[in-house]
Each structure stands twice: as C-alpha cells, then as structure tokens.
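Peer 1: Provided herewith is a single structure, encoded as structure tokens, for subsequent inquiry.
The values are calculated or read from the model by the stated rules, or taken from the named source; none is laboratory data. Here the structure is a predicted model, which is why all the values come from computation and not from measurement. FYI the Cβ positions are ideal-geometry reconstructions off the backbone, even for glycines, and counts take in every protein chain you see. Accessible surface is based on the protein model in full, side chains and every heavy atom, while ligands, DNA and RNA are left aside. Shrake-Rupley method; radii C 1.70, N 1.55, O 1.52, S 1.80 Å.
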Amino acid sequence: GAVVSQHPSWVICKSGTSVKIECRSLDFQATTMFWYRQFPKQSLMLMATSNEGSKATYEQGVEKDKFLINHASLTLSTLTVTSAHPEDSSFYICSARQGVGHNSPLHFGNGTRLTVT
Amino acid sequence: SQKIEQNSEALNIQEGKTATLTCNYTNYSPAYLQWYRQDPGRGPVFLLLIRENEKEKRKERLKVTFDTTLKQSLFHITASQPADSATYLCALPFSGGYNKLIFGAGTRLAVHP
C-alpha cells in the first residue's frame, strides 16, 4: 500500500514554456503533499507544502508565482513550472503521508526529471 | 538554523561486512529521526523511524541508534549485500513545523561482491 505516482517521469521543454507535473496518491487520501527539488548529489530541498482545498505554503526563497501548486482533490496535487528557464532544470519529487501522525513516513513518487533547453 | 550532516564521501565495503552510516544534526532537538533509501533516478523509500526516547531500533538487517546528547544517529546494515548499494538519507522534522521533513544530503553506499 501507500503508493504515490508521479507523472511524467521526465520532460524536456523549451525555455519560456510551462510544464505541469502530477502527483497522485493511488491507494490513500492525502490532505497534505510535499514538493521537493533535488540537484545532483545534493539533498532534497522542500519547496512547498500542498494543502487540499487551500493555498500551498511555500518555503523561503521559492517563488510561488513561478511554481504553481494546485491540490484540488485528496489524491492529486500538481506543480506547474511557469516560464521555465534552464536553471529550473532539476529533479522534482512529490511525497505524501498516509497516516495522520506528523511522524508518519513520507511516501515518495519516483520523481520528474525536468530539462529546460 | 537546523543543520543535518551526512558523510558526503561514498562508503565502499565488502559484501558480508557491516556498513555504518552517520547522521549528525545541530541547533535542534528533534522528537524523532527517519532514515530513507534512495536509488538513482528514484524517489526515496522509508526504512526506519526512531523516536527521541528510543536508543535503538531494529528491522531485519537494519539497526538505527539515536544519541540525543551527541546529536547523532547511526545507521547500520549487517551482512551487507550488493543489493544494499544505494544512497541513504536521514531526515528530521522541521523545527518550525513538525509536519515537514528536512533531509540530509545522503551517503552513498557501495557494497562490493
């Protein structure tokens, strides 16, 4: 159980275009999902907390107008990278908790490799 | 601000030996700590959680210790196998919001036959 599916697994786009990444919890409901970004050989950096039915909470330094997050249902959160630039190229990973306790483990999707040319 | 440090150098060990990975943290007293495994190009997978009042936790060949005085957690894999080769990440709850996790950079483990 506790499967998180992320799509697409990789995407190449041109500079200036927008890219949407989907994150779905397949067998559980997730009121909260988390979006991380990871550069090669670096740690996962939390970008934002996605809350079902309300606005996302962004971490310091993350532009909310550039990284649009929508959490329209208990099983789906989307991250849209708007007006992408080469420096946005990275590995984006979503996660969700199955349990309600704050110490419940995070279940991660398999990530999306974004390359902006 | 809170900081997590994991040995950035890869750990190379021989099959059958015990691998020991270290996670140190500063400026914080977390209520718990988690360990994850990440394979190349994949999302992390949860392995173990240890709470601040627990000294040690075991799961099959895995063992985690938590020393709140030293602000350190050790992650052991006994009888290591080549299939254990991966990057191992430790994670702590954000000091400002327990719902969020902050991750260390991870230590890459390579188990050689």
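Peer 1: With an 8 Å cut-off on Cα pairs and a minimum separation of 6 or more residues, tell me the relative contact order of chain A in percent.
Peer 2: Once divided by the residue count of chain A, the mean separation gives 36 percent.
Peer 1: Would you kindly derive the ³J(HN,Hα) couplings of the stretch B:37-51 from the backbone phi angles with the Karplus curve 6.51 cos²θ - 1.76 cosθ + 1.60 (θ = phi - 60°), listing them in order in whole Hz, with x for Gly and Pro?
Peer 2: 10, 10, 8, x, x, 10, x, x, 10, 5, 10, 8, 10, 10, 8
Peer 1: Counting only heavy atoms of protein chains, what accessible area per residue, in Å², does chain B have with a probe of 1.4 Å?
Peer 2: 50 Å²
Peer 1: Continuing with the same structure: Which entries in A:LYS41/B:LYS100; B:LYS57/B:LYS100; B:LYS17/B:LYS57; A:LYS14/A:LYS64; A:LYS64/B:LYS55; A:LYS14/B:LYS3 show an alpha-carbon gap greater than 30 Å?
Peer 2: A:LYS64/B:LYS55; A:LYS14/B:LYS3
Peer 1: With contacts defined as alpha carbon pairs under 8 Å and 6 or more residues apart, what's the relative contact order of chain B in percent?
Peer 2: Rounded, it is 36 percent for chain B.
Peer 1: Can you work out the Karplus-derived ³J(HN,Hα) for every residue in the stretch A:56-71? Use 6.51 cos²θ - 1.76 cosθ + 1.60 with θ = phi - 60°, whole Hz, and x for glycine or proline.
Peer 2: So the Karplus estimates, Gly and Pro as x, are 6, 9, 9, 7, 4, x, 9, 7, 6, 7, 8, 10, 7, 10, 10, 10 Hz.
Peer 1: A further question follows. Could you sort the residues of the stretch B:17-46 by number and keep only those whose accessible area is reduced by 20 Å² or more in the all-protein-chain setting relative to the chain alone, 1.4 Å probe?
Peer 2: SASA drop of 20 Å² or more in the stretch B:17-46: B:TYR32, B:GLN34, B:TYR36, B:GLN38, B:GLY41, B:ARG42, B:GLY43, B:PRO44, B:PHE46.
Peer 1: Excluding ligands, DNA and RNA, what is the solvent-accessible area per residue of chain A at a probe of 1.4 Å, expressed in Å²?
Peer 2: 49 Å²
Peer 1: 7 Å from Cα along Cα→Cβ at both B:ALA31 and B:SER95: what's the point-to-point distance in nm?
Peer 2: The modelled label-to-label distance comes out at 1.7 nm.
Peer 1: Tally up the carbon and sulfur contribution to the accessible surface of the stretch A:26-117 as a whole percent, 1.4 Å probe, everything protein left in place.
Peer 2: Accessible surface attributable to carbon and sulfur in the stretch A:26-117 totals 52 percent.
Peer 1: Count charges around B:LYS55 for me, please; just the other residues with Cβ under 13 Å from its Cβ, Lys/Arg as +1, Asp/Glu as -1.
Peer 2: Charge balance in the 13 Å sphere: 0.
Peer 1: In whole Hz and in residue order, list the ³J(HN,Hα) couplings for the stretch A:21-35 that follow from phi through the Karplus curve 6.51 cos²θ - 1.76 cosθ + 1.60, θ = phi - 60°; x for Gly and Pro.
Peer 2: Karplus-based 3J(HN,Hα) across the stretch A:21-35 equals 10, 9, 10, 10, 8, 7, 10, 7, 9, 10, 6, 10, 10, 10, 10 Hz.
Peer 1: How many angstrom separate the Cα center of the stretch A:37-66 from the Cα center of the stretch B:3-56?
Peer 2: 23 Å
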